[in-house]
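Working notes, beginning with the structure itself.
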């Protein structure tokens, strides 16, 4: 007994055979070309509907001589992170209004996976790539640039590649946090950051360090913890920080996931330290969580503007857009240290 064939996507050849026409005629009927009799067009479309056939849009454009499709690729670190969801929303709305569709893939902050996914999208002839990169360098994209593929880097800039970027002012945002907490009298501030290789983390550490130097606090790094990449890791290291003697009287959590970990670690704490997070979080206003806020939707929109400009033929050196950040006090970051701790 012959093995059963696995079901596959219906082909144009099958549509043509069942319609009793040539493949070329079936293609013309489905693409709306005028040189097809209406009765033939109706029959071909009816068969296509019955089979569930969908035209290959990329192949069609390639046959017409187009080098690319109407797709734009977006590589992000984590599909579940609300930050990336908002960024993608701003990007997608702007692209949609110009007849482009967004395809999103998650790298899980893995540089090798990022490279593989980028190659896959480029093989699919995307018009452009927008990347929130986790890789250490990007020189391998230079050949694609020379073939006319625009790249826009968001949140983290390109390294060894002349590409447009849209970034937040991470250093200034972190510096605001440092000055704010020192101004309230905090001397021991637990600083919990993301992967140490990420430029966003390094910039935030740099900004906070500047505030500490300005305040004459050279020993601040004793309470710095890095590589707390997800919520469970952040919860674990913050619990460890709070067990230190003396414990920190304030926490600066350097992204939204770390802030979530901190809230878990502080649940039920009799005298919680002050808490300021970088990035807003869901229900942050309701819970009274002080944060450094910014606009991921605007980041996506600005990235789309840069990309569309390049697709329209704009030349010139790479453009770097830096969006502002600001400290938003809501209560958690305004808790003063105890009297003994303030001395």
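A few remarks follow.
- If you run the Gaussian network model on the chain, springs between alpha carbon atoms under 10 Å, then out of 188, 236, 171 the most flexible one is 236.
- Our helix-only sum for the chain, with -39,500 (n - 2.57) per DSSP H run of n ≥ 4 divided by its residues, gives a mean residue ellipticity at 222 nm of -13000 deg cm²/dmol.
- Springs between Cα atoms under 10 Å define the GNM used for the chain, and in it the highest mean-square fluctuation of 281, 189, 13 occurs at 13.
- With respect to the chain, whose longest principal axis is taken over its alpha-carbon atoms, helix 296-311 is tilted by about 40°.
- Of all DSSP-defined beta bridges confined to the chain, some 10% are antiparallel rather than parallel.
- Relative to the dominant Cα principal axis of the chain, helix 256-266 is inclined by about 40°.
- Rounded to 0.05, the FRET efficiency of the residue 108 and residue 247 pair, given R0 = 41 Å and the Cβ-Cβ distance, is 0.80.
- Placing a label point 7 Å from the Cα of residue 115 along the Cα-to-Cβ direction, the residues of the stretch 142-159 whose backbone N falls under 18 Å of that point are 142-145, 158-159.
- The label-point distance for residue 85 and residue 136, in a model that sets each label 7 Å from Cα toward Cβ, rounds to 3.4 nm.
- Here the residues 92, 38, ranked from fewest to most Cβ neighbours within 10 Å of their Cβ, fall in the order 38, 92.
- Principal axis extents of the C-alpha atoms in the chain (largest first, rounded to whole Å): 90, 54, 36.
- Nearest 10 degrees, 0 to 90: helix 231-242 Cα axis against the chain principal axis: 10 degrees
- For the stretch 75-150, relative contact order (Cα pairs under 8 Å, six or more residues apart, normalised by length) works out to 37 percent.
Every number in this text was worked out from the coordinates using simple rules, so none of it is lab data. Small disclaimer: the values here were computed from a predicted structure and weren't measured. Glycine also receives a Cβ, built like all others from the backbone with ideal geometry; neighbour counts cover every protein chain displayed.
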